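Bear in mind these aren't lab numbers, they're just calculated from the coordinates by the rules spelled out. Owing to the predicted nature of the structure, the values given are computational and were not obtained by experimental measurement. Every residue, glycine as well, gets a Cβ built from its backbone with ideal geometry; the counts of neighbours run over all protein chains shown.
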Amino acid sequence: MDTARAMNGWYWRQMATWAGILGRRELAREYWERLWALRPADPSVMETLAHLHAVKGERPEAIALFERALAIDASRPAGWFNLGFLRQESGAHEEALEAFDRALALDGKHDRAWYGRGLSLMKLGRIEEAVEAFRRNSALQPMSPYGWYQMVHALLRLDRRDEAEKAMRRLAGFEPKVVEQLQRETGIDIGVKLPF
């Protein structure tokens with residue numbers, strides 16, 4: 001790549017980045033598209049454009065861009081996670097699961113991929129596997145309520161109330177509001193009451 005072309009690419013990346021920072025998404029998207037014209041095989045540019053499409057609710061375009069980026073460089077766990085998330089949002093849970101599994105094969109500590117995997121497994125009726133995915137997510141993010149919350153629901157679907165209560169007690173130590181919600185949803189009262 002010649003110096004002028006490299007400088008032009010640098011310029012459009014800077015402009016796109018600053019437009020995004022300043023909340024000018026449409027302008028940022030225009031600049032990323034200009035950069036993509038200069039670097040049509042750059043997966044980071046495609047993934048950024050995919051994100052901008054996703055934010056606008058343009059899921060098919062975002063999915064196509066993630067797929068294209070991953071066809072060029074399949075070693076990007078975040079790209080696989082984002083593709084899985086978009087497929088999941090589209091209701092394509094088998095395909096989402098494949099993408100989450102690819103992310104996890106590259107980075108077994110990708111907590112959001114474990115969480116996404118659990119949600120898709122729940123939708124597919126594979127509850128035992130979902131429990132394990134939520135356990136992995138919660139082990140990686142022990143202070144995040146999302147995995148714990150979903151784990152409680154999955155355990156109850158398996159009629160494992162004792163384990164569900166244990167998870168609720170663990171969650172009560174740092175997210176009592178979520179436990180109160182779970183108590184209402186499940187009818188299981190573990191004695192968590194907020195003072196207000």
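Taking amide hydrogens as modeled 1.01 Å from N in the peptide plane, which residues meet the under 5 Å criterion relative to His110, leaving out close sequence neighbours?
It is none; the list stays empty.
Given the Cα-Cα distance of Val55 and Ala139 and 0.36 nm per residue of separation, how much length would full extension add, in nm?
The Val55-Ala139 span can extend by a further 27.3 nm.
Can you bin the range 142-196 into rounded, prolate or oblate? Criterion: square roots of the alpha carbon gyration tensor eigenvalues sorted a ≥ b ≥ c, rounded for a/c under 1.5, prolate for a/b above b/c, oblate for the rest.
Because a/c hits 1.5 or more and a/b fails to exceed b/c, the range 142-196 counts as oblate.
Provide the per-residue ³J(HN,Hα) series for the range 148-165, in order, calculated from phi with Karplus coefficients 6.51, -1.76, 1.60 and θ = phi - 60°, each as a whole number of Hz, with x at glycine and proline positions.
Taking θ as phi minus 60°, the curve returns 4, 4, 5, 4, 4, 4, 5, 4, 5, 5, 8, 6, 10, 4, 4, 5, 5, 5 Hz for the range 148-165.
How high is the relative contact order of the chain? Use alpha-carbon pairs under 8 Å, at least six apart in sequence, and give a whole percent.
9
All other residues with a Cβ under 9 Å from the Cβ of Met151 taken together, and with Lys, Arg as +1 and Asp, Glu as -1, what is their net charge?
0
Mind putting a number on the dipole of the chain about its Cα centre? Charges go on the C-beta only, +1 for Lys and Arg and -1 for Asp and Glu, and I need it in Debye to the nearest 20.
Rounded to the nearest 20 debye, it is 420 debye.
Using θ = phi - 60° and the Karplus relation 6.51 cos²θ - 1.76 cosθ + 1.60, list the HN-Hα couplings for the range 61-78 in order, rounded to whole Hz, with x at every Gly or Pro.
Coupling constants for the range 61-78: 5, 5, 4, 4, 5, 4, 4, 5, 4, 6, 5, 7, 9, 7, 9, 10, x, 5 Hz.
Around Glu163, what is the net charge, scoring Lys/Arg as +1 and Asp/Glu as -1 over all other residues with Cβ under 15 Å from its Cβ?
Net charge in that neighbourhood comes out at +2.
Name the most mobile residue of Asp101, Asp42, Asp159, meaning the one with the largest mean-square fluctuation, in a Gaussian network model of the chain with Cα contacts below 10 Å.
Its mean-square fluctuation being the largest, the pick is Asp159.
With a sphere of radius 10 Å drawn around the Cβ of Leu65, what net charge do the other residues whose Cβ falls strictly inside it have (Lys, Arg +1; Asp, Glu -1)?
-3
Which of Ala37, Ala130, Ala103 moves the most in a Gaussian network model of the chain with Cα springs under 10 Å?
Per the Cα network of the chain with a 10 Å cutoff, Ala37 tops the list.
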